[in-house]
Amino acid sequence: MGMLKRAGEIFQAKANKALDKAEKPDEMLDLSYQQMLEQITKVRQALATIAASRKRIELQEDQLHHSIDHLTDQARQALAANREDLAKEALARKATAQAEIDDMEPQHQQLGEQEEKLTATLQALQARVNQFRTQKETMKAQYAAAQASASVNESVAGISDTFSDSGAALQRAQDKIQNMQARAGALDELLASGALEDVGGGSDDIQKQLDEVGASSQVSDELAQMKAELAAGAPAATLPAAGGTGNGSDGENDAGASGSSASPASTSNG
């Protein structure tokens, strides 16, 4: 039972939501106005029926009054003609007609009261309908204006979203451009400094040969400078003879001889 009750409540909630979504204020106002007009029509029909009944009773009462007057005249004529029996019959019929009038009077009074009440009710309903009609048109105009304003706001919201998306796209494009410009500037600086020449293990063959020639020329220049210093009489270190075991005098003589013999060689090499 609990499951069924819950399912019923869910169904009712969804149905109410669907009805609320389908309901339009302007249509509901027109429907209410139509229903009020139908009520007024019913009241008018009831009022017409009561008025007709009252009028019918009044006609019957008028006829009975005429009958009473006529029967009174006939009773007088009968008495004048010494026909007391006919006069008595006329007066009896007059009494019957008066009794009918007396019976109709409460009904006539009741119908009159009902007619007055319905007339007042009809006037009140008519006033309410007229007021409602004015309010209805005003509310319908307000609803139409609100609906148009909501539509415009939705359009503006859509445009704002589009502008926001466009702004984001422009910002992303600007960021990419700045990143590309920064990368290009960094690569230019690295290329200018020569830091990227050996990147990847490869280099220019001509530049490599030029570097080797430059390095060889530097070595040759340094060697020539050292030879020039030796030729100018720079002191040289004394080296012991290989395998020599002689005394110091022999070593000195040998060193002198070596020095004298080495000088021309150095001169000639220079």
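Quick note: the coordinates plus some simple rules give every number you see, no bench work behind them. Just so it is clear, the model here is predicted, and its values are computed rather than measured. Heads up, the Cβs are rebuilt from the backbone with ideal geometry, glycines too, and the neighbour counts pull from every protein chain shown.
Data overview
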read-out	value
Angstrom value of the Kirkwood radius, inverse mean 1/r, which spans all Cα pairs in the range 25-175	22.4
FRET efficiency estimate (nearest 0.05) - Cβ-Cβ, R128 to D102, R0 51 angstrom	0.80
Residues E27 and Q174, FRET efficiency given R0 of 35 Å [Cβ-Cβ distance, rounded to 0.05]	0.10
Exceeding the 24 Å Cα-Cα cut-off - candidates K117/K140; K94/K117; K24/K136	K117/K140; K94/K117
Electrostatic dipole magnitude of the range 25-175 [Cβ: Lys, Arg +1; Asp, Glu -1; Cα centre; debye, to 20]	200
